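Q: Sending over a structure as structure tokens; questions will come in a sec.
The values are calculated or read from the model by the stated rules, or taken from the named source; none is laboratory data. Values in this document were obtained by computation on a predicted structure and should not be read as measured data. Don't worry about glycine lacking a Cβ; one is built from the backbone with ideal geometry, like all the others, and counts go over all protein chains shown.
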Amino acid sequence: MHRLPCRNRIILAIVLVVLLPVFLACFLVVRGAPALLARSALDRSAIVPLALCSATALPLLVAVTRIAVEEGELSGEIAASLVGAGLVSVLVFPAAAVALRRAARSAAPPAEAPA
């Protein structure tokens, strides 16, 4: 971080920590919401896992934030929050999607065996 007075650095650190979940929510809305378009093709229990898997974002974020920081359009601190949110999305969203699919399968009634 830049040379800021101690109080300002603490405020900036708090803002950056708060931004991480905000960025995660944005990933879900922007990248995950298109999964709603598949409602007619998928059963209801598959929509949220599809949205979670679609919302992962890391490689593109790393490239875009690096370019933006080099061009002076984005601060390194905000870029770090974006990349951190991308990292969390790659680690958490697919695991949550798999857990949701397993829960949906175990809650579904068993298929009848052919006679």
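Q: So is ARG44 charged (D, E, K, R) and either in contact with a helix residue (DSSP H, G or I) (Cβ under 8 Å, 6 or more places away or on another chain) or crowded, with 18+ Cβ neighbours inside 10 Å (or both) or not?
A: Details: charged (D, E, K, R): yes; either in contact with a helix residue (DSSP H, G or I) (Cβ under 8 Å, 6 or more places away or on another chain) or crowded, with 18+ Cβ neighbours inside 10 Å (or both): no.
Here the answer is no, as ARG44 does not meet what is asked.
Q: Do we find that LEU42 is assigned to a helix (DSSP H, G or I) and not β-branched (Val, Ile, Thr) in this structure?
A: Details: assigned to a helix (DSSP H, G or I): no; not β-branched (Val, Ile, Thr): yes.
No: the conditions fail for LEU42.
Q: Tell me which residues, restricted to the range 45-82, are assigned to a helix (DSSP H, G or I), under 21 Å from ARG102 (Cβ atoms) and β-branched (Val, Ile, Thr).
A: ILE47, VAL48
Q: Also: Considering each of LEU20, LEU24, LEU28, LEU12 in turn, give the residue that is over 18 Å from the mean Cα position of the chain (by Cα) and in a helix (DSSP H, G or I). Steps first, please.
A: On the way: LEU20 fails: over 18 Å from the mean Cα position of the chain (by Cα); LEU24 fails: over 18 Å from the mean Cα position of the chain (by Cα); LEU28 fails: over 18 Å from the mean Cα position of the chain (by Cα).
Unique residue meeting the criteria: LEU12.
Q: Right, here's the next one. Take the conditions out of contact with any Asp or Glu (no Cβ under 8 Å at 6 or more places or on another chain) and more than 25 Å from ALA104 (Cα to Cα) and apply them to ALA13. Does it pass?
A: Working: out of contact with any Asp or Glu (no Cβ under 8 Å at 6 or more places or on another chain): yes; more than 25 Å from ALA104 (Cα to Cα): yes.
When the stated conditions are applied, ALA13 passes them.
Q: Looking at the structure I just gave you, is LEU60 at pLDDT below 90, surrounded by fewer than 15 Cβ atoms within 10 Å (Cβ to Cβ) and under 15 Å from LEU24 (Cα atoms)?
A: Values: at pLDDT below 90: yes; surrounded by fewer than 15 Cβ atoms within 10 Å (Cβ to Cβ): yes; under 15 Å from LEU24 (Cα atoms): yes.
Yes.
Q: If you don't mind, another one. Would you say PRO110 is modelled with pLDDT under 85 and either more than 17 Å from the chain's Cα centre (by Cα) or not aliphatic (A, V, I, L, M) (or both)?
A: Details: modelled with pLDDT under 85: yes; either more than 17 Å from the chain's Cα centre (by Cα) or not aliphatic (A, V, I, L, M) (or both): yes.
Yes: the conditions hold for PRO110.
Q: Checking SER89 against (1) among the polar types (S, T, N, Q); (2) surrounded by 11 or more Cβ atoms within 10 Å (Cβ to Cβ); (3) at pLDDT below 90, which test does it fail?
A: The failed condition is (3).
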